[in-house]
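Beneath this line is the structure, given in structure tokens, with notes to follow.
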Amino acid sequence: MEKQKIELKLPANLKFSSLVRHMTEEVFSYIGFTKEWSSRLKLVVDELFMNAVKYGSTEDKSTVHIELLFDETMVEFRIQDDGTGLHKISVDDLKKRIQQNADSNDVTATSGRGLALITSLWTDELKVEEASIGGIAIYFMKKIETTSPPPMQIVESVEGQVEGQVEEQIEEPVVELKGPIITVKLQGEIDQSNLEKMTTPVKEKLDTLPEGAKLVLDFGDVIYINSTVIGHLAEWHNDAEKKKGKLVVINANDQIKDVLDLVGLSRVLNIE
């Protein structure tokens, strides 16, 4: 197969996040990636699109440029912004930030680690350069994976470094809670475009959470979450612990569990 190219130019608006995710996931599946790898790369794309819109663009005035190049062995994803955003960052500063977040071992940190971890562990190469349209261009390359990935568990070693799969998990002592059990049911795709609406019920319950209570988040109808939601999960876990309570996630699908494993939250959160 000769190298093929798909080009997409979109207004800088997070309402297009779902379109970008699903289009690229279809492409990844079409060119040979397994369902699991297509899902993983979809999250990488979503993170890059979100960053291009939020930090490098002017909403609804800028245009975000996306390219997919692929053949029978490799895919390359490119995204460019015009650098007009109020929170724009230089290429060198972005590279440093990605590296710092990738090196962080704090799994309860509330933000910043998602993009760095998923790109370092789920892609073969990441490049950050000056964009031809004025802002930042980010490229990732990935060899086409035709077999399903093994489950990933990220843990800290004795020296505090992040490692890959392990066979043993240290069991935490069982703490008996004395408060009530409160359940919040979430649904759909939760991303930056609808985050406030979808997470407000959880925040309201946390604000009034009785001491020692268990807050159960039912993910049975949740299809997708991005790293911002993961950051909120870490924050909610911390807030519940401050009230001597517990945050529990139930009925999460395999794709969501895969992401929680990646960032290390699966060994901090209670997932049932």
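Between LEU195 and ASP71, with labels modelled 7 Å along Cα→Cβ, what's the label distance in nm to one decimal, could you check? Placing both labels 7 Å along Cα→Cβ, they lie 3.9 nm apart. Once backbone amide H atoms are built at 1.01 Å from N, GLU130 has ALA137 as its partners under 5 Å, excluding neighbours fewer than 5 places away on the same chain.
When each of ASP46, ASP60 is scored by the number of other beta-carbon atoms lying within 10 Å, the sequence from fewest to most is ASP60, ASP46. Under the convention that each Lys and Arg Cβ holds +1 and each Asp and Glu Cβ holds -1, the size of the dipole of region 181-271 around its Cα centre is about 380 debye. Which shape class, rounded, prolate or oblate, goes with region 4-143 when its Cα gyration tensor gives a ≥ b ≥ c as root eigenvalues, a/c under 1.5 marks rounded, and past that a/b bigger than b/c marks prolate? Oblate, because a/c is 1.5 or more while a/b does not exceed b/c. Each of ARG78, ARG267 was scored by other Cβ atoms within 10 Å of its Cβ. Listed from fewest to most, they are ARG267, ARG78. Derived scalar couplings between HN and Hα for region 5-19 equal 9, 10, 10, 9, 10, 10, x, 6, 8, 5, 5, 8, 4, 4, 4 Hz in order, rounded to whole Hz, by the Karplus curve 6.51 cos²θ - 1.76 cosθ + 1.60 (θ = phi - 60°), x for Gly and Pro. The 3J(HN,Hα) values that the Karplus relation (6.51, -1.76, 1.60; θ = phi - 60°) gives for region 50-60 are, in residue order, 4, 5, 5, 6, 5, 10, x, 9, 9, 3, 6 Hz. Gly and Pro appear as x.
Distances between placed amide hydrogens fall under 5 Å for VAL222 paired with GLY188, all partners being 5 or more residues away or on another chain.
In sequence order, region 22-34 has phi-based couplings of 6, 5, 5, 4, 4, 5, 4, 5, 4, 8, x, 5, 5 Hz under the Karplus curve 6.51 cos²θ - 1.76 cosθ + 1.60, θ = phi - 60°, and Gly or Pro positions carry x. Potential lengthening of the chain between LYS9 and ILE144 amounts to 46.1 nm, from the contour at 0.36 nm per residue minus the alpha-carbon distance. Would any residue of region 207-227 have its amide N under 18 Å from a label point 7 Å out along Cα→Cβ of LYS185? List them or say none. Those under the cut-off are 215-224.
Every read-out reported here was derived from the displayed coordinates using simple, explicitly stated rules and does not represent laboratory data. Everything numeric in this text was worked out from a predicted model, so none of it was measured. Because the Cβ atoms are built from the backbone with ideal geometry, glycine has one as well, and the counts that use them run over all protein chains shown.
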